[in-house]
1. Give a residue-ordered list of calculated ³J(HN,Hα) values for the range 128-133 (Karplus: 6.51 cos²θ - 1.76 cosθ + 1.60, θ = phi - 60°; whole Hz; x for Gly, Pro).
2. What are the equivalent ellipsoid semi-axes of the chain, built from the alpha-carbon gyration tensor (square roots of five times its eigenvalues), in whole angstrom, biggest first?
3. Suppose only helical runs count, i.e. DSSP H with n ≥ 4. What mean residue ellipticity at 222 nm does that imply for the chain under -39500 (n - 2.57) per run, divided by all residues and rounded to the nearest 500 deg cm²/dmol?
4. Could you compute how fast the range 112-192 diffuses translationally, taking Rh as the Kirkwood radius over C-alpha pairs and applying Stokes-Einstein at 37 °C with viscosity 0.692 mPa s? Give it in µm² per second.
5. Could you list which residues have their amide H under 5 Å from that of Cys103, counting only those 5 or more apart in sequence or on another chain, with H placed in the peptide plane?
6. Find, among the chymotrypsin sites (Phe, Trp or Tyr not before Pro) in the range 242-311, those assigned to loop by DSSP (not H, G, I, E, B) with at most 13 other beta-carbon atoms within 10 angstrom.
7. Give the Kirkwood hydrodynamic radius (Å, one decimal) of the range 184-297, defined as one over the mean of 1/r across all pairs of different Cα atoms.
8. Can you put Ser87, Ser48, Ser17, Ser259 in order of Cβ neighbours within 10 angstrom, beginning with the fewest?
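Read the figures in this text as sums done on the coordinates, not as results from a lab. Everything numeric in this text was worked out from a predicted model, so none of it was measured. Here the Cβ positions follow ideal geometry from the backbone for every residue, glycine too, while neighbour counts run over all protein chains shown.
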Amino acid sequence: MDMPSPDAPFRIGTRSSVLAMAQARETRERLMAAHGLPEAAFELIPISTAGDRIQDRALREVGGKGLFTKEIEEAILLGRIDIAVHSTKDMPNEQPAGLVLDCFLPREDVRDGFVTLGEEGGLADLPEGAVVGTSSLRRRAQVIVRRPDLRVVEFRGNVQTRLRKLEDGVAAATFLAMAGLRRLGHPETARPIDPGDMLPAVAQGAIGIERREDDARARALLAPLHDRATGLRLAAERAFLARLDGSCETPIAGLADLSGDRLRLRGEILAPDGTAHHAGEEEGAAGDGPEMGVALAERLLSAAGPGFFDWRG
Ligand SMILES: NCc1[nH]cc(CCC(=O)O)c1CC(=O)O
């Protein structure tokens, strides 16, 4: 194999946000360690996506998940970058022809975090009628299920922007993924929420690396980075999401845990206005994640009945 070198570095594509860059640096460090190569053998290539440029509207109004990936996937297909580092939870369920997403780094904290400038430890402590900010349909619906009296407002932007909105009194509390805060070095910003209280998004906390299917060198370089346990958990979660045809319009939560060779998959689907929700779980062998994901999705779909997803745009 042609090893990357400072003269011909292996090109790692990433979004340019602070969190995305941190994830790309983590990937580079793992590649350096796995192959005994210097930092200069890898080049980080930030790519601005439509999703990064559109700051003024709710993302789902302009096109959903693919907005953060289209330019990056084009760059891989054109050979301008060798691999792309992603937050797997922001990825569409299927990759474009010619690309594969099959390398997952060891998963970070999967939990959501509760963020407030006050003393409240969680949702239950907020006063009647308080305002909560979030741009996530899932978190919005989960909040209303638990606290129908709260008002939820749209909250976009990076961590700093969201904290400023709390300071400005736009909302009393918000949520951030613990994984992002840990990777940025600020886990104390939020109080972790038990997944039993608020089930996270499918693939939350998991960095996924995409490459060209026929790129044998990228496949070989990435092979030692893949975390088997994370892969098994995501196989269950992503099969669950795929069977539900999860789009950005559908509030869906899902989390698989691996204990020895047993996999436990929990899932939840919600009405966007929090007026209905259905949750369940499946248990099985570690390798049966895809079947478990489909089985759980079908069970929740039949519990919800026809029409549950009819608000989908
Ligand atoms: N949708 C935005 C997004 N995509 C990935 C993360 C955090 C890192 C992760 O969950 O892997 C976040 C921020 C958040 O949800 O608070």
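1. Calculated HN-Hα couplings, in order: 3, x, 4, 9, 10, x Hz.
2. Values: eigenvalues 212, 109, 65 Å².
One finds semi-axes of 33, 23, 18 Å for the chain.
3. On the way: 10 runs with 98 residues, N = 313.
The helix contribution divided over the chain gives -9000 deg cm²/dmol.
4. On the way: Rh = 12.5 Å.
This corresponds to a translational diffusion coefficient of 262 µm²/s.
5. Ile209
6. Details: sites: Phe308, Phe309, Trp311; in loops: Phe308, Phe309, Trp311.
Taking the range 242-311 and a limit of 13 other Cβ atoms within 10 Å, the loop chymotrypsin sites (Phe, Trp or Tyr not before Pro) found are Trp311.
7. On the way: mean 1/r = 0.0644 Å⁻¹.
Computed over Cα pairs of the range 184-297, the Kirkwood hydrodynamic radius comes out at 15.5 Å.
8. Details: Ser87 23, Ser48 12, Ser17 19, Ser259 9.
By the 10 Å Cβ count, ascending, the order reads Ser259, Ser48, Ser17, Ser87.
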